[in-house]
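To start, the structure itself, in structure tokens.
The values are calculated or read from the model by the stated rules, or taken from the named source; none is laboratory data. The shown structure was predicted, so the numbers you read here are calculated from the model rather than taken from an experiment. Every residue, glycine among them, receives a Cβ derived from its backbone with ideal geometry; neighbour counts consider all protein chains shown. Note: areas computed on protein heavy atoms with side chains; ligands, DNA, RNA excluded. Shrake-Rupley method; radii C 1.70, N 1.55, O 1.52, S 1.80 Å.
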Amino acid sequence: MQPVRGGRAKRRSADGRDHKQVYVTAQRIHLVMDNLNTHFRKCFEEVLGAKEAKALLRRVVFHYTPKHASWLNMAEIEIGILDRQCLDRRLPDRVTLTAEVNAWQLRRNMEQRGIEWTFTRQDADTKMARHYVL
């Protein structure tokens, strides 16, 4: 499912194929998402119908990002770090910019730097248990 304008889920996957074709053989479907209100059982039922949503949701495992740290926040944090550590000066051309960003990214990845969340999977399971299909 992919979000669309207005917060509704489309019946198709991100590459345009029907979700039944994409996930037909999957025993488990892991969905990583933020805590938007469009990401709950009711919304699946609205889009797919109750019977089809129930069948799909039996195989879905939800993984939620921390409520106050969405994927967008993660991107903003990383861009801020990139800006402070790499782009805090005038670069003469696109080639230099690309080389500097690539070098920064390589260093950051080698250091295995990341964002340390305090909201654990167990916290998410406890908080979101009512949305899981048993």
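Per-residue answers, yes or no, for (1) at pLDDT below 75; (2) touching a His at 6+ places or on another chain (Cβ under 8 Å); (3) not basic (K, R):
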residue: F62; (1), (2), (3): no, yes, yes
residue: N73; (1), (2), (3): yes, no, yes
residue: I81; (1), (2), (3): no, no, yes
residue: C86; (1), (2), (3): no, no, yes
residue: R89; (1), (2), (3): no, no, no
residue: V95; (1), (2), (3): no, no, yes
residue: T98; (1), (2), (3): no, no, yes
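Step by step: first the residues of the stretch 2-38, then only those that are under 17 Å from R130 (Cβ atoms) and open to solvent by less than 70 Å² (accessible area, probe 1.4 Å), then the one that is modelled with the lowest pLDDT. Which residue is that?
That would be T38.
With respect to R41, is the statement that it is surrounded by 11 or more Cβ atoms within 10 Å (Cβ to Cβ), of a type in the set (D, E, K, R), at pLDDT below 80 and closer than 17 Å to M128 by Cα true?
So R41 fits the description; yes.
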